[in-house]
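The values are calculated or read from the model by the stated rules, or taken from the named source; none is laboratory data. Given the structure is predicted, the values throughout are model-derived calculations rather than measurements. Cβ: placed from backbone, ideal geometry, glycine included. Neighbour counts: every protein chain shown.
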Amino acid sequence: MSSIITLNDVYRGYKMGQERIMAVNGISLEIEEGEICCLQGPSGSGKSTLLHIMAGLDRPTKGSIKIGNTRIDTLSENQLAVFRQRYIGFVFQSYYLIPTLTAIENVTIPLTFCGVPKKKRLQRAKELLEAVGLKDRMKHKPSELSGGQQQRVSIARAFCNNPKIIFADEPTGNLDTANKYEMMNLMTSLAKENKQTLVVVTHDVEISGFASRVIKIRDGKIEKIENGRDQNDGKMA
Ligand code: ADP
Ligand code: MG
């Protein structure tokens, strides 16, 4: 196995008046291709900051990040945008769907940026929405869908492009328990099918049962790394 994400002594500081907060405080980490990995820790421990840095949405104040063989911390904004479109998918806690677009239109957005022809885009989006169980909700707008359904649309959107890595920041944070497990099963099985790497941020201890590795974060540092509860198929019993 080769590592797909490599962080070398990464720091991210914020200046707040006279104070300097180290949200990420010296993290080195390798994540293997195809790994399902969980970043866990209390609120304010630096999980989101770390995820954004790994995904090229934010830059470190010190240290380097490689995705495959590419140093992403030295790319220009334009190069980063192209890189993200090509290799990276995101799932956010609050879905971030476009309210005026239907489910299927929301899912096709990443493909639009990649220049995929319209017919192909719709075909691919349809497949993904079927895979997440929304075959009969394709023409619905986000406001006509439940929270769980909206998160499924956002999962379909994240996977639509067939990205190498999917990053999810508290993807189950707004969902009830039943939906939580369903969403994690969905993401982990989609990722495994295509040998994609999945990095999930959560402060929910239960959710880490889906991961092969749990990286515990505290005060911007790695506190410890544990093997996930279920290493065989990553699914909860
Ligand atoms: P988590 O996702 O684990 O809750 P975050 O990465 O969001 O933690 O935040 C880590 C620390 O960095 C917190 O102390 C937070 O207040 C601070 N922080 C995050 N983003 C900013 C910002 N844009 N400006 C200043 N401080 C920030
Ligand atoms: Mg966060």
| Tally time: how many residues in the range 2-40 are within 16 Å of ligand 1 (Cβ to nearest atom) and on the phi < 0 side of the Ramachandran plot? | 22
| query | Going by the structure shown, is residue 78 away from ligand 2 (no atom under 16 Å from the Cβ) and either surrounded by 14 or more Cβ atoms within 10 Å (Cβ to Cβ) or more than 19 Å from residue 154 (Cβ to Cβ) (or both)? | reply | yes
| task | Determine which member of the set 97, 101 is buried (at least 18 other Cβ atoms within 10 Å of the Cβ) and assigned to a loop (DSSP other than H, G, I, E, B). | result | 97
| What number of residues within the range 91-125 are touching a residue at least 40 places away in the same chain (Cβ under 8 Å), over 30 Å from residue 7 (Cβ atoms) and polar (S, T, N, Q)? | 3
| query | surrounded by fewer than 15 Cβ atoms within 10 Å (Cβ to Cβ), more than 14 Å from ligand 1 (Cβ to nearest atom) and modelled with pLDDT of 95 or more - does that describe any residue in the range 81-91? | reply | no
| the range 199-220, residues that are assigned to a helix (DSSP H, G or I) and either of a type in the set (A, V, I, L, M, F, W, C) or away from ligand 2 (no atom under 16 Å from the Cβ) (or both) | 206, 207, 209, 210
| query | Of these, 12, 71, which one is modelled with pLDDT of 95 or more and within 16 Å of ligand 2 (Cβ to nearest atom)? | reply | 12
| request: Would you please name the residue that is surrounded by the fewest Cβ atoms within 10 Å (Cβ to Cβ), looking only at residues in the range 23-36 that are more than 9 Å from residue 7 (Cα to Cα) and within 16 Å of ligand 2 (Cβ to nearest atom)? | output: 25
| field | Within the range 41-64, considering residues that are more than 10 Å from ligand 1 (Cβ to nearest atom) and in contact with a helix residue (DSSP H, G or I) (Cβ under 6 Å, 6 or more places away or on another chain), the one farthest from residue 90 (Cα to Cα) | value | 60
| task | Considering (1) more than 12 Å from ligand 2 (Cβ to nearest atom); (2) in a loop (DSSP other than H, G, I, E, B), say which one residue 42 fails and leave the rest. | result | (1)
| field | Only one of 88, 72 that is closer than 30 Å to residue 173 by Cβ, free of Cβ contacts under 8 Å to residues at least 24 places away in the same chain and in contact with a strand residue (DSSP E or B) (Cβ under 6 Å, 6 or more places away or on another chain) | value | 72
| field | Unmet requirement for residue 145, which otherwise passes all of (1) crowded, with 20+ Cβ neighbours inside 10 Å; (2) modelled with pLDDT of 95 or more; (3) among the aliphatic types (A, V, I, L, M) | value | (1)
